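Report on the structure given below.
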Amino acid sequence: MCGKFTISGGYKSNVMPLLDSRNGTIIKRMYSVFLVDDEHIVLEGIRNKMDWENSQFTFAGEASDGELALSMIQEVKPDILITDIKMPFMDGLELSRILKKIQPWIRIIILSGHDEFEYAQRAISIGVEDYILKPFTHEELLKSLEKVAARIEKDRLYTQEVRSQNLLIRNKFLTELVFGTQDAAQTMKQAQNLGLNFISRFYKVICTSLYSEQEPEYRTAGSVLQSLEKNRGDVFLFFSSPACLVSILLGNSEADLDEESYNVAQALNHLFEQKFSCVVVSAIGKTVEHVSNITASYKDATDILQSAEQNSQNRKSCILDSEILEKEKVQGKYAEVIAAAKDYIARNYASQDISLSSVAECVHLSPNHFSTIFSQEYGTTFIEYLTRVRIEAAKKLLRETDMKGSDIAFECGFNDPHYFSFIFKKTVGISPREYKSQ
């Protein structure tokens, strides 16, 4: 038995409504939820029997295994993940471990049919919020979601970061490091005294500028930034000014550091856009080999920001590096890369194996680099674009053929006819059956 999805009309929410302190009106904050389970009956039960429209949760998408989910979640960036613990290719614990590193804000609920203490221990050590045993009821799942939402609200209402003397000394050290005011020997000694491990093969700096008309206190995001540091261990963050965040990344190879820099930049852009509704521009400096050269990477990042400021007409959130900036000046913003990607998608959208990684490989970019370029150039995420292409193909088949809806679903790259119907209605506004009858 995979689940008892019963809907009880008498269930009362335990999450207290939020009040706007200015006028006393209720604020209903929404949280996006992504589902991962290799049992279609569980996915279908949660997707179709949760009252999404009348709750504070929205359905963000689903996947049938952890490996497929990882690339989708990197694009969708949901607030909450509900995942099975036992799945092929990549299990729920491994998926959770990776996501907690690259998207530390995500809250995770684990589903399991195995009442074994070691799973619970491993889940807790990763930072999972809740652990639900199958079979479970709709009420149990909703209670879990609301418990997670309450924790998110608690963090959101965290308005003042505790400023200990150690934190002030640490930030002073990091500031001096990027400005190059002390030699390598002094740097390593002071880092050791502060408990910071700065021994690495390569280094890279990201400068993130925040633009808002209201000048909010960005430092209130400190708890999430600390979570990012804690879950990674290879990045150090501090504010060099009230609206400029500096990130110092460490890595053992240039390729890995390049990829990780886009992970961090995407996480930071998402965090500040969601929390403060501001425009976020992250500039990735060049990779350097010695700790004494961190200042060169920092200067490179600040030069990129200054160049972007001069060339900006209508400022929008983006991630830039020297290569992207040069492409903007010379070739018109990666037009050839986007054209090649769209052509690949047009030829392969029907394959269930197509993914962010496979398209990125086709255009010879890393997945994170390609994701950044695609969303900035096309104005939508890769997943949203792929879904749109598939739905348009489905609409054509519904209009011009007598194929069954289930056959059309598989023909257009969907591995579950029920999920196809759900996405079709969400995108078009009516079901495939209704569309065909019109």
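The values are calculated or read from the model by the stated rules, or taken from the named source; none is laboratory data. Nothing here was measured: the structure is a model prediction, and the numbers come from that model. All Cβ positions, even for glycine, are placed from backbone atoms using ideal geometry, and neighbour counts span all protein chains on display. Areas reflect the complete protein model, heavy atoms only, side chains present, ligands, DNA and RNA absent. Shrake-Rupley method; radii C 1.70, N 1.55, O 1.52, S 1.80 Å.
Things worth noting here:
- Scan of segment 60-76 for residues that are more than 15 Å from Leu93 (Cα to Cα), in contact with a strand residue (DSSP E or B) (Cβ under 8 Å, 6 or more places away or on another chain) and open to solvent by 10 Å² or more (accessible area, probe 1.4 Å), ordered by number: Ala60, Glu62, Met72, Val76
- When restricted to residues that are surrounded by fewer than 17 Cβ atoms within 10 Å (Cβ to Cβ) and touching a helix residue (DSSP H, G or I) at 6+ places or on another chain (Cβ under 8 Å), segment 221-239 contains 1.
- Annotation note: Cβ proximity below 9 Å between a residue of segment 25-52 that is under 19 Å from Lys275 (Cβ atoms) and of a type in the set (D, E, K, R) and a residue that is at pLDDT 90 or above and open to solvent by less than 10 Å² (accessible area, probe 1.4 Å) (sequence gap 6+ or interchain) occurs for Arg29/Ala149.
- Being within 18 Å of the chain's Cα centre (by Cα), open to solvent by less than 40 Å² (accessible area, probe 1.4 Å) and over 25 Å from Arg97 (Cβ atoms) is not true of Cys244.
- Of residues in segment 177-195 being crowded, with 17+ Cβ neighbours inside 10 Å and under 31 Å from the mean Cα position of the chain (by Cα), the one farthest from Leu167 (Cα to Cα): Val178
- Residue in segment 250-270 that is in a helix (DSSP H, G or I), in contact (Cβ under 8 Å) with a residue 12 or more places away in the chain, open to solvent by 40 Å² or more (accessible area, probe 1.4 Å) and farther than 22 Å from Asn197 by Cβ present: no
- Hey, Arg219 in contact with a strand residue (DSSP E or B) (Cβ under 8 Å, 6 or more places away or on another chain), modelled with pLDDT under 75 and not hydrophobic (A, V, I, L, M, F, W, C) or not: yes
- Subset of segment 364-386 [without any contact (Cβ under 8 Å) to a residue 60 or more places away in the chain, open to solvent by less than 40 Å² (accessible area, probe 1.4 Å) and touching a Phe, Trp or Tyr at 6+ places or on another chain (Cβ under 6 Å)]: Ile373, Phe374
- Contact map, segment 421-438: first residue without any contact (Cβ under 8 Å) to a residue 12 or more places away in the chain and among the polar types (S, T, N, Q), second residue surrounded by 12 or more Cβ atoms within 10 Å (Cβ to Cβ) and assigned to a helix (DSSP H, G or I), Cβ cut-off under 9 Å, separation 6 or more or different chains; pairs are Ser431/Gly405; Ser431/Ser421; Ser431/Phe424; Ser431/Lys425.
- When Ala394, Ala341, Ala360 are checked against the criterion of being open to solvent by less than 30 Å² (accessible area, probe 1.4 Å), touching a His at 6+ places or on another chain (Cβ under 8 Å), in a helix (DSSP H, G or I) and hydrophobic (A, V, I, L, M, F, W, C), a single residue qualifies: Ala360.
- Test: residue in segment 132-152 that is at pLDDT below 90 and within 30 Å of Leu249 (Cβ to Cβ): yes
- Within segment 399-438, the residues that satisfy the criterion of being hydroxyl-bearing (Ser, Thr, Tyr) and not in a loop (DSSP other than H, G, I, E, B) are Ser406, Tyr419, Ser421, Thr427, Tyr435, Ser437.
- Those residues of segment 346-357 which are open to solvent by less than 50 Å² (accessible area, probe 1.4 Å) and either of a type in the set (D, E, K, R) or not in a helix (DSSP H, G or I) (or both), in sequence order: Ala350, Ser351, Ile354, Ser355
- Of the residues making up segment 53-97, those that are in a helix (DSSP H, G or I) and closer than 21 Å to Glu384 by Cβ are Glu53, Glu67, Leu68, Ala69, Leu70, Ser71, Met72, Ile73, Gln74, Glu75, Val76.
- Summed over segment 397-438, residues that are of a type in the set (Val, Ile, Thr), under 29 Å from Val337 (Cα atoms) and open to solvent by less than 40 Å² (accessible area, probe 1.4 Å) total 1.
- Among residues of segment 309-337, those that are surrounded by fewer than 18 Cβ atoms within 10 Å (Cβ to Cβ), modelled with pLDDT of 80 or more and within 17 Å of Tyr262 (Cβ to Cβ), counted: 1
- Search result, residues across segment 387-420 that are touching a residue at least 24 places away in the same chain (Cβ under 8 Å) and either more than 18 Å from Met72 (Cα to Cα) or among the charged types (D, E, K, R) (or both): Arg388, Arg390, Ala393, Ala394, Lys395, Leu398, Arg399, Gly405, Ile408, Glu411, Asp416, His418
- The single condition among (1) in contact with a strand residue (DSSP E or B) (Cβ under 7 Å, 6 or more places away or on another chain); (2) in contact (Cβ under 8 Å) with a residue 40 or more places away in the chain that Thr295 does not satisfy is (1).
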